[in-house]
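All remarks here apply to the structure that follows.
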Amino acid sequence: AQSVTQLGSHVSVSEGALVLLRCNYSSSVPPYLFWYVQYPNQGLQLLLKYTSAATLVKGINGFEAEFKKSETSFHLTKPSAHMSDAAEYFCAVSEGGYNKLIFGAGTRLAVHP
Amino acid sequence: GAGVSQSPSNKVTEKGKDVELRCDPISGHTALYWYRQSLGQGLEFLIYFQGNSAPDKSGLPSDRFSAERTGGSVSTLTIQRTQQEDSAVYLCASSPGTGSNSPLHFGNGTRLTVT
């Protein structure tokens, strides 16, 4: 079965600093990978997805992620953090051929002035 | 509406009571998913519908949990004889298809508190 591990349940950065949220996956087949963001009291919103077309994936709000097969990683980055980026971020892998998502435990991002 | 709608947004119930949680997916979306989000367990898959059928209900935690979907649209998740460990946010998502280019659209969830 596929699984996802997110390193760091909490990450804190200064406004304007680089954001790096780590995700490693385990999959026996080429994976479909996703990053979702959840703002307080809201559902999840898709940031970006990897579906094997390109290893560097650009998403919304200036985020991007790079798929590295050799490292089984799909880390999320943003060059310059904004206060509005404060939220919880989830990495997920698709299983079963019907978009059943297996989520990581999530990383809560705090951005301070 | 434009998005996935879930009701109620909050539900407080006494242990042992039954509850029904409703999900209105985006019109035309054939796939519908229920997830549970709780402290310590993260986001757990519960059940997947394609149309009115549920090919994968492997995530339902016990036989107290059931779900149905009618008319290829609205879905109801029912929890019977609620227990305190059922307290969580229940999220519904829909998708126009099941391919990788069909992202899931999530509702804002129903926060269930069992006292």
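Quick note: the coordinates plus some simple rules give every number you see, no bench work behind them. Note that the coordinates shown come from a computational prediction; the quantities given were computed from them, not determined experimentally. Cβ placement follows ideal geometry from the backbone for every residue including glycine, while neighbour counts extend to all protein chains displayed.
The table below lists the values:
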item	result
Residues located in segment A:16-38, provided they are exposed (fewer than 14 other Cβ atoms within 10 Å of the Cβ) and among the charged types (D, E, K, R)	none
Some residue of segment A:58-79 being more than 22 Å from B:GLN37 (Cβ to Cβ), at the interface with chain B (Cβ under 9 Å from one of its Cβ atoms) and part of a loop (DSSP other than H, G, I, E, B)	no
Verdict on B:GLY99 being within 14 Å of chain A (Cβ to nearest Cβ), over 17 Å from B:ALA2 (Cα atoms) and surrounded by fewer than 21 Cβ atoms within 10 Å (Cβ to Cβ)	yes
Condition met for B:PHE65 (surrounded by 14 or more Cβ atoms within 10 Å (Cβ to Cβ) and over 25 Å from A:THR107 (Cα atoms))	yes
Filter result (crowded, with 17+ Cβ neighbours inside 10 Å, free of Cβ contacts under 8 Å to residues at least 24 places away in the same chain and farther than 20 Å from A:SER3 by Cβ) within segment A:49-77	A:VAL57
Sole residue being in contact with a helix residue (DSSP H, G or I) (Cβ under 9 Å, 6 or more places away or on another chain) and not in a strand (DSSP E or B), chosen from B:PRO103, B:PRO61	B:PRO61
Sole residue being under 26 Å from A:CYS91 (Cβ atoms) and either aromatic (Phe, Trp, Tyr) or without any contact (Cβ under 8 Å) to a residue 24 or more places away in the chain (or both), chosen from B:LEU60, B:LEU43	B:LEU60
Number of the exception - B:LEU77 against (1) away from every other protein chain (no Cβ under 12 Å); (2) assigned to a strand (DSSP E or B); (3) over 23 Å from A:PHE90 (Cβ atoms)	(3)
